[in-house]
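Have a look at the structure below, then the notes.
The values are calculated or read from the model by the stated rules, or taken from the named source; none is laboratory data. Since this is a predicted model, take the numbers as computed values, not measurements. All Cβ positions, even for glycine, are placed from backbone atoms using ideal geometry, and neighbour counts span all protein chains on display. Accessible surface is based on the protein model in full, side chains and every heavy atom, while ligands, DNA and RNA are left aside. Shrake-Rupley method; radii C 1.70, N 1.55, O 1.52, S 1.80 Å.
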Amino acid sequence: MSLMRMNHVRIELKRLSDVIASLIKNHERDLAEYNTQASESESNFAERESMAHSQQDWDALHEINIERLNSTQPLKTIESLAKLQNELILVKHVALIESMIVKTFWCLTHVLSHQEYKKQYFLDQTNFSDGFEAASKIQELTNNNVKPKSLKFWDIFETLKTIRNTIAHGDPLFVISYRRATKFNKQIDLIHLSSEKNECPHTKSLYPSRPHPSYEPTSKWFCSLKSDLGGIAQLNKKCIDFVEEIRNQYLKFGELRGISVHMLHACRF
């Protein structure tokens, strides 16, 4: 893609940063309101429960327990909304980064007049969108002067792609290894480990999850995104930093090859 496109992605990510900050503020407000209401409700439940115990009114106790359970529904709704927001924003971030990588590859085939790759990837394959393949070709065409796969963010991106591919098809539950999930969470605290997948060929259809998880590094886990919006803010920052690194490498490559900034801007997709 052109430098113009890189600048566009950078602006979009910064706009998303403001959106995420607003979502976090609203989420914290909703939690504060819920906690206040829950505290008042629990005081009322405790008083009624004490009275029902003293009168041995078991029907009243049953009704109180049902009401107490129903009173947690607003919290579940708040958490579900936060998870949905995390899913949508993650998909948006991955789409921006991947399209940037693919279009950078496209632009390089034009700037460097690489007719073979232009025909192979962008004429015969009009919908080419493989960010992994594009990143490899970028490094090849620039003699490793622009190297997405060598940056720290790339490991994060590989995990993000796995998550995005599942979520984008409507399934909030994805499967990755325990080692991969914990490594990712050390950088971006976003993955909730739900249960270890049963790998036994004889019983996995009957018991999809292991009742006693092993926590082995290579064990596969059913995971979802957390309801904490702080993780998606960390993701946004990592993406912005990655775009800046690629943009700087791209400008230096242009300077090294004598390609004007105007040319880097002018190459559009």
Per the filter on the range 26-70, residues farther than 30 Å from A233 by Cβ, surrounded by 14 or more Cβ atoms within 10 Å (Cβ to Cβ) and in contact (Cβ under 8 Å) with a residue 12 or more places away in the chain are S41, F45, R48, E49, A52, A60, L61, I64, R68
Looking at this structure, is S224 among the polar types (S, T, N, Q) and under 30 Å from D30 (Cβ atoms)?
yes
Residue pairs within 6 Å by beta carbon, gap of at least six or interchain, first lying in the range 225-241 and part of a helix (DSSP H, G or I), second surrounded by fewer than 17 Cβ atoms within 10 Å (Cβ to Cβ), listed first then second, are G231/D189; N236/S17
Considering only helices (runs of 4 or more DSSP H) wholly within the range 107-194, the ones with at least 2 residues that are more than 30 Å from L229 (Cα to Cα) are 131-141
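Name the residue, out of R10, R15, R5, that is surrounded by fewer than 13 Cβ atoms within 10 Å (Cβ to Cβ) and over 23 Å from E79 (Cβ atoms).
Answer to the check: R15.
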Filtering the range 105-128 down to residues that are among the polar types (S, T, N, Q) and touching a helix residue (DSSP H, G or I) at 6+ places or on another chain (Cβ under 6 Å) yields T109
**Prompt:** Looking at S129, is it closer than 24 Å to V261 by Cβ, surrounded by fewer than 16 Cβ atoms within 10 Å (Cβ to Cβ) and among the polar types (S, T, N, Q)?
**Reply:** no
Scanning the range 196-223 for residues that are in contact with a Lys or Arg (Cβ under 7 Å, 6 or more places away or on another chain) and either of a type in the set (D, E) or surrounded by 14 or more Cβ atoms within 10 Å (Cβ to Cβ) (or both) gives E196, K197, N198, E199, K220, W221, F222
Counted residues in the range 146-180 being open to solvent by 60 Å² or more (accessible area, probe 1.4 Å) and among the polar types (S, T, N, Q) come to 2
Can F122 be described as among the hydrophobic types (A, V, I, L, M, F, W, C), surrounded by fewer than 17 Cβ atoms within 10 Å (Cβ to Cβ) and without any contact (Cβ under 8 Å) to a residue 40 or more places away in the chain? no
Just one listed residue, out of I11, I20, is β-branched (V, I, T), assigned to a helix (DSSP H, G or I) and either over 20 Å from V94 (Cα atoms) or free of Cβ contacts under 8 Å to residues at least 24 places away in the same chain (or both), and it is I11
**Asked** Can you find a residue in the range 93-103 that is open to solvent by 30 Å² or more (accessible area, probe 1.4 Å), farther than 17 Å from D241 by Cα and modelled with pLDDT of 95 or more?
**Response** no
Pairs returned, first residue in the range 100-111 that is among the charged types (D, E, K, R), second residue that is open to solvent by 10 Å² or more (accessible area, probe 1.4 Å) and in a helix (DSSP H, G or I), beta-carbon separation under 8 angstrom, 6 or more apart or interchain, are K103/R5
Of the listed residues (E140, E133), the one being modelled with pLDDT of 90 or more and over 27 Å from the mean Cα position of the chain (by Cα) is E140
Note: among A60, A46, A52, A38, just one is more than 40 Å from the chain's Cα centre (by Cα), among the small types (G, A, S) and under 30 Å from A82 (Cβ atoms), namely A46
